[in-house]
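What follows is a single structure, written as structure tokens, with notes after it.
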Amino acid sequence: MAILLETRNVRKVYTSGGGLFKAKTETVALDNFSLAVEDDSPIFTTIAGESGSGKTTLANLLLGFLTPTIGEVRFRGKNVWAMSTAERRLFHKEVQAIFQDPFEVYNPFYKIDHILTTPIKKFNLASNKTQTYELITTALRNVGLNPADTLGRYPHQLSGGQRQRVTIARALVLQPRIIIADEPVSMVDASLRATILESLRTLHRDFGISFIYITHDLTTAYQMSNNIVVLYRGAVAEAGDVENVIKHPQHPYTQELIASIPLPDPDQRWGQNGAMLQPAPDIKPTVSKTRNGCRYADRCPHVMPKCHEAAPPLYQTVDHQAVACYLYEQSPIVAAELLSQVLPKQGEAVKDKKQVALNG
């Protein structure tokens, strides 16, 4: 089993203050996180959670933009921060990104062609202009854009959805093995989200590209993913097959997230077999006895004394599902570095799912 990209017990702490009149403070953005993506088994994995859960920190660690405080990010078995020049070059080619904002990645003084030709030149993917043009036009068509209507224009002449699809085409030009997609549709009109998500689905299905899809939107996670990891304040709350986690959520936080999803029918909540889920209770915050307790303890309706004393490990409750909650302490413990073994290994295309309304 060849591992393409992985994090090993990664912890990222941000430090601020520490001056003459201000005490130093530490914020744990990601704690003891491990995940592996196999090279020969393309997978579509969602990292989900609310703002501040550590999703974007994880993306920046995977892309080599941040160094972990503890642990390693490894590409093809080598620590990203200990790679040679040639190894880092391969890393930048095979691990690509699609960012949230389709506006900021463009220089308004350059035509759209520039963002597509630059990586081709950098990685010597074409020997002449004809080959360059063929690579560009093929990539644009694969993401649903007409080259004649796209090339030669400036960024402001394209819609947000078109700009985002151009950034997807730019990644595709390099023929990557994995794409880190950080909230790729959150700043795009709702009417265009389905088109962009279908482009990602096509790249996964037809080109065998693995995706780490980062989002706060569980509806698109359900539609797109094979599996899901739910983060809460930097720690894994629940993980597993997306069907299991969405239809049978076990962690109180995951239950709260799913109960909050709106549906067109205001009298019904999204739940198993159409059953209504009760709204999350109004929990009065409590103060944890130590900083090492469960991060969700101050909001949890099932909080116990031990929740304030130590963070719960991951318990494997059923096949392809694990949850960090003492409610399931009778189940086997899964070590953090073995989380990937809980997630289903599916090399086939994303499963067809019953349509779920997208959040506007």
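Just so it is clear, none of the values below were taken in a lab; they were calculated from the coordinates. Treat the numbers as computed from the prediction; the structure is a model and nothing was measured. Neighbour counts run over all protein chains shown; Cβ positions are idealised from the backbone, glycine included.
Debye-formula intensities of the chain, expressed as log10 I(q)/I(0) at q = 0.11 Å⁻¹, are -0.79 (one equal scatterer per alpha-carbon, no solvent).
At 1.567 mPa s and 4 °C, plugging the Kirkwood radius over alpha-carbon pairs of the stretch 1-89 into Stokes-Einstein gives what diffusion coefficient in µm²/s?
Numbers: Rh = 14.4 Å.
Rounded, D is 90 µm²/s.
Which GluC sites (Glu not before Pro) does the stretch 1-69 hold that lie in a coil by DSSP with at most 15 other beta carbons within 10 Å? Please report the intermediate quantities before stating the final value.
Details: sites: E6, E26, E38, E50; in loops: E50.
The qualifying sites are E50.
For the chain, the relative contact order comes to 20 percent (Cα pairs under 8 Å, sequence separation of at least 6). Looking at the stretch 89-153, the chymotrypsin sites (Phe, Trp or Tyr not before Pro) that sit in a DSSP loop and have at most 10 other Cβ atoms within 10 Å of their own Cβ are F109.
Taking other C-beta atoms within 10 Å as the exposure proxy, Y296, Y253, Y328 rank Y328, Y296, Y253 from fewest upward.
Tally Lys/Arg at +1 and Asp/Glu at -1 over every other residue whose Cβ is under 11 Å from the Cβ of Q96; what's the total? Walk me through the numbers on the way to the answer.
Values: positive: K93, R170, R177; negative: E94.
Taking every Cβ under 11 Å from that of Q96, the sum is +2.
Over the stretch 104-248, what is the percentage of antiparallel beta bridges among all DSSP beta bridges, to the nearest 5?
On the way: 6 of 11 bridges.
Among the beta bridges of the stretch 104-248, antiparallel pairing accounts for roughly 55 percent.
Residues considered: V105, V173, V242. Largest GNM mean-square fluctuation over the chain, using C-alpha springs under 10 Å, is found at V105. For the chain, the longest principal axis of the C-alpha atoms and the axis of helix 160-173 are separated by about 80°.
For the residues I47, I115, what sequence is obtained by ranking on other C-beta atoms within 10 Å, fewest first?
On the way: I47 28, I115 19.
Final ranking by Cβ density, sparse to dense: I115, I47.
Work out the FRET efficiency for T67 and Y110 from their Cβ-Cβ distance, taking R0 = 30 Å, and round it to the nearest 0.05.
According to the calculation, E is roughly 0.45.
Rg and Dmax of the stretch 85-232, based on Cα coordinates, read 15.1, 49 Å. Unpaired cysteine residues in the chain (no second Cys Cβ under 4.7 Å): C300, C325. Which entries in K55/K93; K93/K121; K93/K122 show an alpha-carbon gap greater than 18 Å? From the list (K55/K93; K93/K121; K93/K122), the Cα-Cα distance tops 18 Å for K55/K93.
If you take the beta carbon distance between D319 and S16 as r and set R0 to 45 Å, what does 1/(1 + (r/R0)^6) give as a FRET efficiency, to the nearest 0.05? List each step's numbers first, then the result.
Details: r = 43 Å, r/R0 = 0.95.
Rounded to the nearest 0.05, the efficiency is 0.60.
Using just its DSSP H runs of length 4 or more, each adding -39500 (n - 2.57), the chain gives a mean residue ellipticity at 222 nm of -8500 deg cm²/dmol after division by all residues.
The GluC sites (Glu not before Pro) found in the stretch 57-158 that occupy coil by DSSP, while having at most 12 further C-beta atoms within 10 Å, are E104. The listed peptides 331-342, 315-326, 161-172, ordered by packing as a protection proxy, come out as 161-172, 315-326, 331-342 (highest mean of other Cβ atoms within 10 Å first). Each of the peptides 194-200, 74-80, 228-234 was scored by the mean count of other Cβ atoms within 10 Å over its residues; in descending order, highest first, they stand as 228-234, 194-200, 74-80. With K and R counted +1 and D and E -1, the other residues having a Cβ less than 11 Å from that of I47 yield a net charge of -1.
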